[in-house]
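A.B. asks: Before I ask anything, let me first share the structure, which is written out below as structure tokens.
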Amino acid sequence: MKQAVVEGGPDPVDVRLGARLAALRAERGWSLGEVAERSGVSKSTLSRAERAEISPTAALLNRLCAVYGRTMSQLLSEVESEPALLVRAAEQPVWQDRASGFVRRSVSPPHPGLRGELVEGRLAPGADIAYDRPPVPGLEQHIWVLEGALHVTAQEAEHQLAAGDCLRLRVWGSTRFRCAGPDEVRYVLAVVLP
């Protein structure tokens, strides 16, 4: 599994994220080996992520979210300050998977008592992200393409989406998001917990 190495010191979000991952593991009394076995991620990669020596990829975070029973937005919201009712565009948390060219903006204010959230995704031309499982089985997703072309593979079916198209599905297995065109793709992902 390819990991992005942060140059010039760890990113503050990666430091908080690493600390939260270590805390989640400690809360369950699991060793690095146990998390590695449950997630399919090596112990060394897990250790480096917890120490913020690497910036975790979207695929890595997805695997850990599945182990800890959280969506990615829930996990990322736990390393941000207390959620507000209104989040101005300039204050919406942005996370980057530098290895894949994926940029994720948490549009709606995350809240532990709510089941839905909105995320803006951007994929660079040629970007290809594969998730081996959903963070929560049966997760409902609505994918609305705003600009560009997006190929989504789910339940072994490939869906080719253009600007304005919306795909609704429940995620039980692996998914794949690919930027199919020569230009960046920008889309809205509405996520609803089962």
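The values are calculated or read from the model by the stated rules, or taken from the named source; none is laboratory data. Quantities reported herein were computed from a predicted structural model and do not represent experimental measurements. Please note: Cβ atoms are built from the backbone with ideal geometry, for glycine as well, and neighbour counts cover all protein chains shown. Quick note on the areas: whole protein, heavy atoms, side chains included, nothing else; ligands and nucleic acids left out. Shrake-Rupley method; radii C 1.70, N 1.55, O 1.52, S 1.80 Å.
A.B. asks: So which residues in segment 27-43 are open to solvent by less than 70 Å² (accessible area, probe 1.4 Å), in a helix (DSSP H, G or I) and more than 18 Å from Met72 (Cα to Cα), if there are any at all?
C.D. replies: Leu32, Gly33, Ala36
A.B. asks: Condition test on Gly101, is it small (Gly, Ala, Ser) and either open to solvent by 40 Å² or more (accessible area, probe 1.4 Å) or touching a Gly at 6+ places or on another chain (Cβ under 8 Å) (or both)?
C.D. replies: yes
A.B. asks: Tyr187 versus (1) in contact with a Ser or Thr (Cβ under 6 Å, 6 or more places away or on another chain); (2) more than 23 Å from Val41 (Cα to Cα); (3) open to solvent by less than 50 Å² (accessible area, probe 1.4 Å): which is the lone unmet condition?
C.D. replies: Every condition holds for Tyr187 apart from (1).
A.B. asks: Further question on the same structure: Among the residues in segment 82-95, are any aromatic (Phe, Trp, Tyr), under 26 Å from Leu123 (Cα atoms) and open to solvent by less than 80 Å² (accessible area, probe 1.4 Å)?
C.D. replies: Scanning segment 82-95 turns up at least one residue that is aromatic (Phe, Trp, Tyr), under 26 Å from Leu123 (Cα atoms) and open to solvent by less than 80 Å² (accessible area, probe 1.4 Å).
A.B. asks: Okay, moving on. Which residue is nearest to Arg176 (Cα to Cα), if the candidates are limited to segment 44-77 and must be in a helix (DSSP H, G or I) and of a type in the set (Ser, Thr, Tyr)? Give the derivation first.
C.D. replies: Of all residues in segment 44-77, those in a helix (DSSP H, G or I) come to 44-50, 58-68, 72-77.
Imposing the further condition that a residue be of a type in the set (Ser, Thr, Tyr) reduces the set to 44-45, 47, 68, 73, 77.
Working: Ser44: 26, Thr45: 22, Ser47: 26, Tyr68: 21, Ser73: 18, Ser77: 24 Å.
So the residue we want is Ser73.
A.B. asks: Taking segment 132-184, which residues are out of contact with any Leu (no Cβ under 9 Å at 6 or more places or on another chain), open to solvent by 50 Å² or more (accessible area, probe 1.4 Å) and in contact (Cβ under 8 Å) with a residue 60 or more places away in the chain?
C.D. replies: Asp132, Arg133
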